[in-house]
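*Asks:* Before anything else, here's the structure in question.
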């Protein structure tokens, strides 16, 4: 039986999301101020222009750490992907050598969200937090963009592509929900970034306090747990 190959990509909208630790004083200063002012301050520092708040505490506790841009404040999370609510498009690859050949019969479908992993932070500083907590001050930054944020290739044993077998997981944050992984027929797919390219649409920013012990790491999910999610789906 001849195999068939399909190309899957998202619906043109998504972005780049970072979460990183900053100084407590920085969060205290900015938590009640306008988001637009925080964005102007961060981009002003990055581009070394005059559009900065000179009264703001430094971003990091260590004044010797040089700020090179929001994309480097990412010691907790750095991800680029499609929005969780975007539709996807699937094309059959009929050419023998060109995986990117245009398919006039491209079809649109909605992927199934298998699970969501939470990376939320609170605006208010915790008072008398439990001894077993691990709260850190963070900057959450999202660059909203339009373009391609990755492609997945699916091979079948001659069957049509079955959209009901295509599942994704998402990252949930204060600013956006972004797709981070994909599966077809319960097999994880590698994301291909060869055609990834995007155009910026706008920035969003948030400061707060994150309990690192509540971060929903992938290590928390066993194969048995994933199978349970698939059982619930059916």
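*Asks:* Six or more apart or on different chains, Cβ under 6 Å: which pairs go from a residue in segment 88-103 that's closer than 19 Å to residue 147 by Cβ to one that's assigned to a loop (DSSP other than H, G, I, E, B)? Could you list them?
*Replies:* If the second residue must be assigned to a loop (DSSP other than H, G, I, E, B), the pairs left are 88/10; 88/111; 89/106; 90/161; 91/103; 91/106.
*Asks:* Also: If I filter segment 1-60 down to residues being touching a strand residue (DSSP E or B) at 6+ places or on another chain (Cβ under 8 Å) and in a loop (DSSP other than H, G, I, E, B), which single residue comes out as nearest to residue 175 (Cα to Cα)?
*Replies:* Top of the filtered list is 31.
*Asks:* Any residue at all in segment 204-220 that's exposed (fewer than 14 other Cβ atoms within 10 Å of the Cβ) and under 30 Å from residue 4 (Cβ atoms)?
*Replies:* The answer is no; no qualifying residue exists.
*Asks:* List the number of the failed condition for residue 178; all other conditions in (1) in a strand (DSSP E or B); (2) out of contact with any helix residue (DSSP H, G or I) (no Cβ under 9 Å at 6 or more places or on another chain); (3) surrounded by fewer than 19 Cβ atoms within 10 Å (Cβ to Cβ); (4) modelled with pLDDT of 95 or more hold.
*Replies:* The one condition residue 178 does not meet is (3).
*Asks:* Kindly indicate the residue of segment 90-126 that is assigned to a strand (DSSP E or B) and within 13 Å of the chain's Cα centre (by Cα) and also farthest from residue 4 (Cα to Cα) among those meeting that condition.
*Replies:* 118
*Asks:* Within segment 68-89, identify whether any single residue is surrounded by 14 or more Cβ atoms within 10 Å (Cβ to Cβ), touching a helix residue (DSSP H, G or I) at 6+ places or on another chain (Cβ under 7 Å), modelled with pLDDT of 95 or more and assigned to a loop (DSSP other than H, G, I, E, B), and answer yes or no.
*Replies:* No, the conditions are met nowhere in segment 68-89.
*Asks:* Of 161, 142, 153, which residue is in a loop (DSSP other than H, G, I, E, B) and either in contact with a helix residue (DSSP H, G or I) (Cβ under 6 Å, 6 or more places away or on another chain) or at pLDDT 95 or above (or both)?
*Replies:* Within the list 161, 142, 153, the selection yields 161.
The values are calculated or read from the model by the stated rules, or taken from the named source; none is laboratory data. Because the structure is a prediction, the values reported are computed rather than measured. Positions of Cβ are backbone-derived with ideal geometry, glycine not excepted, and every protein chain shown enters the neighbour counts.
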